[in-house]
Amino acid sequence: MTRVSAGCGLAALCAALLAGGCEALVPRGLADTPPVPERAGAEVALAPASAPAKTAAAALPADFACDTPLTLDKVVDIALECNPETRSAYLQARSAAASLGIARAAYYPALEAAGGVARSRNTRAPRGGGAETVFNAGLGLRYLLLDAGGRGADADEARLGLIAAGYAHNATVRRVALEVEQAYFDYCNAKGQREAALSTVAQAQTALDAADLRHNAGVATIAEVLQAKTALSQAKLDLERVEGEVMVVRGLLATTMGLPADSPCDVVGLPPEVPLDRSLAAVEAFIATAKSWRPDLAAARASAEASERRIRSARAGGLPSISLFADAARTYYRPGEAADHGDVWSVGATLSVPLFTGFRTAYQIDKALQEAALAESRAETLEQRVVLQVWTSYYALRTGVEIVKASRDVLASAEQAERVALGRYKEGVGTLIDLLVNQSVLAAARAQEIRARAGWCIAVAQLAHDAGLVVPVDWDRPSLEPTRQS
């Protein structure tokens, strides 16, 4: 009866402590139980998740100013510092460096200290077997003196893994730079399309004013005025659509830079002239450069080489090894008899020879062989893909040059035709339909020329990336040569 009361009292005390805010007494794994759904169509009542604080690595540069248009170089610099993908690649490389340190730790001795206390009683011992307390403390030293090259293979694999992680980080940096360049020129293109749409609205307003003058003079019908108003309304509608596209692309650019989509950042815009006369080396030179300097291809090759080291490590797991050991311990007894403590030490060597492991070693070797062949195949596949990328981007750039030239000719002809049509209509010898058609052609020519310039810039950046060159590309260079840039 007394035990029951004591148990109830202990339970009541625990409940009182928990009710009083002593949740720290409860193990962390039992402290809280999240709710579970009651049925398939019912939401779980969870508290809103709080956004984590932004890390210092994602902070904006000190000289960042929202009211100053950003150049391409500045946009790329911000993206490389703030984009989370570059931080992820950096952290992966740091993790690979730690893995190398772990693999090299096998070359050092391992020293371990241990201690313990025990209370025991032996009722069969003489004199009734009194209770005895035993304290012990000791040191143990282990050192792998000789193996069949397993730890060397592991360390070499980790070293190649670090090299692969470094190349992967470089590939991420260049890919992010390319993506932000593409977003930059897409935003420049959208801004240019907005300027072209504003010009189209102004021209449609001019046509409407001319139609009003002719109608007031009695030489034009109300139908011409209505046609001009319709053209002006359509131009304003197109302008609103372009305005929305500008905001969408600006948000995409900010996100690519690693900033919130609503960041009030702006850029300087497309260059009015692009160096179409810059010389271009042969495609074979770009392909050769890509095979040597593409960081993602180098990372794949390093990973394939690391997989080959794994074969040696797997084979070493089934071979003998020699280890040295040294142990020293002291044990205290309470109560003591003749001596209250005893010392034990030992030094020796151990020869370990795996005899049978259930074919584990054989399967590990076979697995390492297949993984090495797979890694090599992936590297070869990536190399073929790299060659195709260089080939495609090279001829895309050459096509882009011709597109820019043709779009400039079309724009010049469309501007001249629109001026002639407007003059003829004002003089009364032309029709409104001719004027509206020429204005529509001019609007399309403006938009096409802007897209052509932006496409040329993107094609240059794409070729530089695919060939393993550092981006952004120097636009003032007279030639685009496949030499490694510093």
Worksheet entry | For residue 70, residues with placed amide H under 5 Å, excluding near neighbours | 266, 267, 268
Worksheet item: Using the alpha-carbon atoms, what tilt in degrees (0 to 90, nearest 10) does helix 72-82 show relative to the longest principal axis of the chain?
Response: 20
Worksheet item: Kirkwood Rh over Cα pairs of the range 276-320 into Stokes-Einstein at 37 °C, 0.692 mPa s: D in µm²/s?
Response: 240
Response to the item:
Looking only at lysines whose Cα falls under 30 Å of residue 236's and that sit 8 or more positions away or on another chain, we get 191, 405, 426
Worksheet entry | Within straight-line cross-link reach of residue 229, aspartates and glutamates at Cα separation under 13 Å, skipping those fewer than 8 residues along the same chain | 209, 212
Item to complete: Determine how many Å³ per residue the convex hull of the Cα atoms of the range 115-184 encloses.
Response: 236
Fill in: For the chain: Kirkwood Rh in Å [reciprocal of mean 1/r, alpha carbons]
31.1
Worksheet, complete the sentence: Packing-ranked peptide list from 307-315, 407-415, highest mean Cβ count within 10 angstrom first, is 307-315, 407-415
Worksheet, complete the sentence: Computed, not fitted: 222 nm per-residue ellipticity of the chain from DSSP H runs ≥ 4 (each -39500 (n - 2.57)), nearest 500, equal to -21500 deg cm²/dmol
Discussion item. I'd like the orientation of helix 295-316 relative to the chain: the angle between its Cα long axis and the longest Cα principal axis, in ° from 0 to 90, rounded to 10.
Written reply: 20
Worksheet item: Ranked highest first by average number of other Cβ atoms within 10 Å, how do 178-186, 218-226 line up?
Response: 178-186, 218-226
Fill in: Segment residue 212-residue 328, extension gain: residue separation times 0.36 nm, minus the distance between their alpha carbons
30.9 nm
Worksheet item: Could you put 206, 289 in order, starting from the residue whose Cβ has the fewest other Cβ atoms within 10 Å?
Response: 206, 289
Fill in: Förster radius 45 Å - calculated FRET efficiency between residue 288 and residue 262, Cβ distance, rounded to 0.05
0.50
Practice prompt. List, in order, the whole-Hz ³J(HN,Hα) value for each residue of the range 384-396 obtained from phi through the Karplus relation with A = 6.51, B = -1.76, C = 1.60 and θ = phi - 60°; use x for Gly and Pro.
Written response: 5, 5, 5, 4, 5, 5, 5, 4, 5, 5, 5, 6, 5
Worksheet item: On a 0 to 90 degree scale, rounded to 10, what angle separates helix 84-104 from the longest Cα axis of the chain?
Response: 30
Discussion item. Just to confirm a number: summing +1 for Lys and Arg and -1 for Asp and Glu over residues other than residue 201 whose beta-carbon lies under 10 angstrom from that of residue 201, what do you get?
Written reply: 0
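A short reminder: the numbers here are calculations on the coordinates, not readings from a lab. Being a predicted model, the structure only gives us computed values, none of them experimental. Cβ sites come from the backbone with ideal geometry, for glycine too, and all protein chains shown count toward neighbours.
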